Amino acid sequence: MHQPILTAIGKELSVRSARAAKTGEGVLDESTFNTIEVDRLFDAVNHASTIAGQATLYRSLAQPLSSVEAIAAKQDALKELDSNPDLRARIEALVQHAAKYEAEFYRLMFGTFVGTFGDPKDKLDTGGYGHKTYREGTELMLGLVKGAHGLPVPESPYLRARLDALKVFGTTRSHALMKGPAYVTERAIKTKTEKWLLTPAIKFRPTLFKPRLIVLLVIAMGLFLYYAPLLGIARAAMPAVMVFLLPSFMLYGPIVGGFDRDSIIYPLRDGYRESRDVQQALEALGQIDELLSFHRYAQAFGGPTVLPKLLDSDRHVMVLEAVKNPILGKENAEYVPNDINLNGVKLTFITGPNGGGKTAFCKTVAQVQLLAQIGCYVPAERAQLSVADRIFYQVPESNTLADREGRFGTELQRTKAIFFASSPRSLVILDELAEGTTYQEKLEISHTILGGFYQVGNNTILVTHNYELAEQFHKGDIGLYRQAEFVHGSPTYRLVDGISRISHAHKVAQRIGFAKEHIEKHLVERGYRDEETTSPEEDASISD
């Protein structure tokens, strides 16, 4: 269940508070969330104007949709915004107005008002008694209601429902209190309609300037001066009396402001913070701003973007043409696109030397699937896919001192969890398998595991240097085979048909300065080895 946006933002104003589900309980688990770099994906897609919109977007990425109908509804809303520039501009104006007052709204919800002479210690603390913050903070919600009523009725049900939620807030008690006036009675703070005509009450206005109170004080002072002689105060003593009384007027601000803050503003804000009506209106704002963020991301990407065609399938399907990485491809005209067709494939092997773009492509596949399942545009010329019930991405993991099984056992536990949580509608990406054991055991166990995934029937992609494993399945005419293309030893970052049997490990070692010659040079320079000293290989040959 989604955490409410206002609660999720909290006193720290965090937009990244949402968490992925446990393995098997949601579309995305925490390990996959971290591996496919969802935080970076959020930074790339995030063009939201409001904190609520950013928190909504982050929550969507952490907890993506699994319903075709829900995703299609968001797509329809985006299509309407794209085809109706006037509607989009007016909705953007509504969101921009909200963004103007949003910071004060959260200060009202979570801040402390320390008075004229107080010392703010937290970033949400502020001087004064909260009157300005109350006026501007409530303007966020009042402006949303007013703006929603001024908009034409959208055709898409998703967008219409969000604007209706803002309009409905205008009929609630919280809105009536924000709009004012609010009345402080002996028992509670009431709206104008709740207060009985003859009930004694203090009318609250969010300002220190209280005209009626000031008039009463002036009248009281005048009466005092007029009747002072009758009270036995000599006229000659009046200057001394005034010197004593005038400083007492300096207490007007602390007394009146303190009463407003402690007896009215704090109780009102506590009610707003717990109000389901306020939460729903803020949710609607966040969801509207999220749609605008998707639209702006598509415009800012710098290449073709599309809303994927959603396929209704009992097995995972994905067909992408000229797809780019949603993060690395943004505003990067040089990024090399690729095609992939996973329709009915079930097993896909991606091989090739390091540095050829294998991992980047697999992350692209996972990130595109995730963007599709939050209703967003994806960076491709054409995209068709089904909704995945699970998205898994496994990478080699290091064990800790607490792990009794070692590296191999740690990885195998992760693979086991993925396997038992997968269904035919899942997308599973594995970056190598069965590390931390002998080569022969790795080959045998990997073959068994992949055979299991093949029987489940989901789309499983394996990134591997183990071409012998790929060839075993290729002999049985099982799977799709792609390799990273290299031309004259340099990567083109394209995936082409085939199984790569070459490795550029020595070139990588040379590039980073840790090849054989670098090691030998270091040993000689440090005096660990004379130039005439034999190497381990030479020692072995002498022994033979």
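Going highest first, how would you order 154-161, 57-64 by mean Cβ packing within 10 Å?
Top of the packing list down: 57-64, 154-161.
Using 0.36 nm times the number of residues separating THR438 and GLU37, minus their current alpha carbon distance, what extension gain do you get?
Contour length minus the Cα-Cα distance gives 141.3 nm.
Among bridges DSSP assigns within the chain, what percent are antiparallel (round to 5)?
Here the share of antiparallel DSSP bridges comes out near 45 percent.
List, in order, the whole-Hz ³J(HN,Hα) value for each residue of segment 441-458 obtained from phi through the Karplus relation with A = 6.51, B = -1.76, C = 1.60 and θ = phi - 60°; use x for Gly and Pro.
Running phi through 6.51 cos²θ - 1.76 cosθ + 1.60 with θ = phi - 60° gives 5, 4, 4, 5, 5, 4, 4, 5, 5, 5, x, x, 4, 4, 5, 4, x, 7 Hz.
Between HIS2 and THR112, take the C-beta separation as r, use R0 = 30 Å, and let me know the FRET efficiency to the nearest 0.05.
0.60
Which distance in Å, rounded to a whole number, links the C-alpha centroids of segment 47-76 and segment 135-211?
If we compute the Cα centre of each part, the gap is 28 Å.
At 0.36 nm per residue, and after removing the present C-alpha to C-alpha distance, how many nm does the segment from ASP119 to PHE209 gain when stretched out fully?
Gain in length upon complete extension: 30.1 nm.
Given a Förster distance of 45 angstrom, what is the FRET efficiency for HIS474 paired with ASN332, based on the Cβ-Cβ distance and rounded to 0.05?
E(calc), rounded to 0.05, equals 0.85.
Write down the percent of antiparallel bridges among all DSSP beta bridges whose residues are both part of segment 305-508, to the nearest 5.
Antiparallel bridges: around 40 percent, rounded to the nearest 5.
GLN299: net charge of surrounding residues, Cβ under 12 Å, Lys/Arg +1, Asp/Glu -1, itself excluded?
Net charge in that neighbourhood comes out at +1.
Under the 0.36 nm per residue contour assumption, what length would be gained going from the current alpha-carbon distance of GLU274 and ALA188 to full extension?
Separation in residues times 0.36 nm, less the Cα-Cα distance, equals 29.3 nm.
As a check on your grasp of the helix formula, calculate [θ] at 222 nm for the chain: sum -39500 (n - 2.57) over DSSP H runs of n ≥ 4, divide by the residue count, round to the nearest 500.
-15000 deg cm²/dmol
Could you derive backbone 3J(HN,Hα) for segment 151-159 from the dihedral phi with the Karplus parameters 6.51, -1.76 and 1.60 (θ = phi - 60°), listing whole Hz in sequence and x where the residue is Gly or Pro?
Residue by residue, segment 151-159 yields 9, x, 6, x, 7, 6, x, 5, 5 Hz.
Please give the residues of segment 142-183, grouped as numeric ranges, whose backbone N is less than 16 Å from a label point set 7 Å along the Cα-to-Cβ vector of HIS97.
142-153, 163-171, 179, by backbone N distance to the label point.
Mind sorting HIS316, HIS295, HIS2 by how few other Cβ atoms lie within 10 Å of their own Cβ, fewest first?
Lowest count first: HIS2, HIS295, HIS316.
Straight-line reach from LYS190: which lysines have Cα under 20 Å away, leaving out those fewer than 8 places along the same chain?
LYS179, LYS203, LYS210
Where does the charge balance sit around GLY479 when Lys and Arg score +1, Asp and Glu -1, over other residues with C-beta under 13 Å from its C-beta?
Local charge sum for GLY479: 0.
Over segment 312-426, how many pairs of lysines fall under 18 Å by alpha carbon, counting only those 8 or more apart in sequence or from different chains?
4
Coordinate-derived values only; no laboratory data. This one's a predicted model, so the numbers in the text were calculated from it and none came from an experiment. Don't worry about glycine lacking a Cβ; one is built from the backbone with ideal geometry, like all the others, and counts go over all protein chains shown.
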